[in-house]
1. Please identify the cysteines of the chain that lack any partner cysteine with a Cβ under 4.7 Å from their own Cβ.
2. Could you list the square roots of 5 times each eigenvalue of the Cα gyration tensor of the chain, that is, the equivalent ellipsoid semi-axes, sorted largest first and rounded to whole Å?
3. Multiply the residue separation of residue 53 and residue 374 by 0.36 nm, subtract the distance between their alpha-carbon atoms, and state the gained length in nm to one decimal.
4. Once you place label points 7 Å from the Cα toward the Cβ at residue 206 and residue 24, how far apart are they in nm?
5. For n ≥ 4 DSSP H runs only, could you compute -39500 (n - 2.57) per run for the chain, divide by its residues and tell me the 222 nm figure to the nearest 500?
6. So, in Å, what gap is there between the alpha-carbon centers of the range 1-23 and the range 101-129?
7. Direction-averaged shadow area of the convex hull around the Cα atoms of the range 33-122, nm²?
8. Could you tell me the relative contact order of the chain? Use alpha-carbon pairs under 8 Å, at least six residues apart, and round to a whole percent.
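Taken together, the values in this text are just the output of simple stated rules run on the coordinates, not laboratory data. Computed from a prediction, not measured in an experiment: that's the story for all the values here. Every residue, glycine among them, receives a Cβ derived from its backbone with ideal geometry; neighbour counts consider all protein chains shown.
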Amino acid sequence: MKKIYFKTFGCRTNLYDSQVMMSSLKEYEITENEAEADAIVINSCTVTNGADSHVRSYISHVEKNGGAKIFLTGCGAHTKGEKLLTEKRVHGVFGQSEKQKIDFLLSQEKPFYDLGDLNHVDTTVVDDFVGKSRAFIKIQEGCNFRCSYCIIPFVRGDARSMDENLIVEQISRLALNGFGEFILTGTNVGSYGQDNKTSLAKLMKKISQIRGVRRIRVGSIEPIQITDEFKEILDEPWLERHLHIALQHTSPKMLKLMNRRNVYKQDRELFELLAQKGFAIGTDFITGHPAESQEIWEEAMRNAQELPLTHLHAFTYSKRDGTPSATMKPEINGAVAKQRLHEIEALIQKKNFDFRTAYHGELEVLIEGEKDGVYHGFDQHFNKILVQSHEDLIGNWINIQSYTVGEDGNYVKL
């Protein structure tokens, strides 16, 4: 059998989509050694210019190091696929809706371009995750928000939910196969159920009742999606004590320009409630969006200082052709945007250190991997734990009472 290697960029949704492709394969053998692959499938991200650059650099790396056929899928297929195919840098381009036809697509002798449609909903039931200790479960696809800077709705389509019975069946199978932690993911996870008269909170309650489910994490959600119904599950023991809630900015002026639906004053009230309940809180943040004046930036930093944040996924603004932000003025110098990025990263890094220092409870950790004799995983607050042990701990849950708080994580010696 020919061997195939999957290279996945970007979000957890892409990790799930790659697993769907692996589960659908019958004519190829999956390899985790890129060098021996006859074909390579690149599951791409296009959320920023940097994401596009990473994909192009990887294609150059493959071209330089071997003769494997390259196939491109993911969000970048919609924005860069046609150009890469014309340049003969990839053999085939296909959209997310086509991934279950992976055997057929890989068998095509002639170059092809098949984006499929943006209304597709997955029906594949994945019962394993190659090389993973945690299971990523895609519960929805697409987004109905139209933030002014974002291209994702144009490459993923409008929000649509996966069938609840399929989600439950999938998690039941994975739990039987030894998985205990499940990460619910999607393009806009909090919109789950809007199209089929249910909700994210109802789904999570059903999942929690499946035998073997130990911890449920939820991907990035919007502040307005933390509903009263969702607040009712905040004290459940199976819910991870970390929530990632997308703000993108903390200045009311900038939020309006970004066409965001959140309001800073309400965001602060929500975050304070979650902090009182012991949650670690992460967010997304964009620096250098057009019209982000020094005054706006200083206001944003004052507001960020007030918020009980512990984690951050921040990046500098990246112009995406066809979005409203692409024509906004004045543009912000890239060096200024990067400096602002470093400022807010340093602030939240200190807040995270303070959070870990102040916490004196037990840490519940799923060990995911090992490097140079040190095991690593994440605790219930989504903080990294590094463990020295003579025993093989990969895939094990461990409870830790005593540890040392370091700059980049907590350290343990067993």
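1. If one checks each Cβ against the other cysteines of the chain, 11, 45, 75, 143 turn up with nothing under 4.7 Å.
2. 32, 28, 22
3. 112.4 nm
4. My value for the distance between the label points is 2.4 nm.
5. Taking each H run of at least 4 residues, the total per residue is -9500 deg cm²/dmol.
6. Rounded to whole Å, the Cα centres lie 11 Å apart.
7. 6.0 nm²
8. RCO, the chain: 10 percent.
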